[in-house]
Amino acid sequence: MAKAKADAYKDWVRAVVPRLREYFYLEAWHIDLVWEEDDSSAGGCSGVIAHIDINDSYLQAVIHMMPASREMFDDGDTEKLAFCLVHEFSHILTEPLYKVAVDATTNASANFLETIREQQTQRIALAVFRGIPEELYSL
């Protein structure tokens, strides 16, 4: 039973990610998924749903699916999990400006830049998610 639930979770994510890639007009991008067993890849922060590593030079990204994402799926909250994936995709949109800003940042303003990055990414994700048809993630 546990394996069937794990398979259903991974199948759902594997189905939604390509749909989001197309929705975001990122068809040229290669998106990999990593299924994390613990929170160590998120700096040990518990409760992180997912995080993304982006290489915009090569149009590649890796989405790390954290244990909390599996719990969310098991609880039946696929809408919230879909929103989390939209947030990670939104990072792809904000990454180029973030990289430019990093070069202009001082040690004193680094935390502010990280805060602004997450806030703007979240605003983009909220705006995008409002327009996403539920059929994109309701499988």
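From the list (1) 1.09; (2) 1.01; (3) 0.97, can you say which value of Rg/Rh (Cα atoms, Kirkwood Rh) was derived from the structure given? For Rg/Rh (Cα atoms, Kirkwood Rh), the calculated option is (3). Relative to the longest principal axis of the Cα atoms of the chain, helix 78-103 runs at roughly 20 degrees. Using Cβ point charges alone (K and R +1, D and E -1), the dipole size of the chain about the Cα centre works out to roughly 260 debye.
Ordering Pro67, Ser90, Val17 by the projection of their Cα atoms onto the charge dipole of the chain, which places +1 on the Cβ of Lys and Arg and -1 on the Cβ of Asp and Glu, puts Ser90 at the extreme positive end. Inter-part distance, segment 36-101 to segment 102-139, computed on C-alpha centroids, equals 11 Å. Antiparallel beta bridges, as assigned by DSSP with both residues in segment 2-136, represent about 50 percent of the total such bridges. Summed over qualifying helices (DSSP H, 4 residues or more, each -39500 (n - 2.57)) and divided by its residue number, the chain shows a 222 nm mean residue ellipticity of -19000 deg cm²/dmol.
Subtracting the Cα-Cα distance of Ala127 and Phe24 from 0.36 nm times their residue separation leaves 35.8 nm of extension gain. Helix 2-23 and the longest principal axis of the C-alpha atoms of the chain enclose an angle of approximately 50°. Scanning the chain for chymotrypsin sites (Phe, Trp or Tyr not before Pro) that sit in a DSSP loop and have at most 13 other Cβ atoms within 10 Å, the longest stretch containing none of them is 59-139.
The numbers here are math on the coordinates, done by the rules we state, and not lab data. Computed from a predicted structure; not experimentally measured. Please note: Cβ atoms are built from the backbone with ideal geometry, for glycine as well, and neighbour counts cover all protein chains shown.
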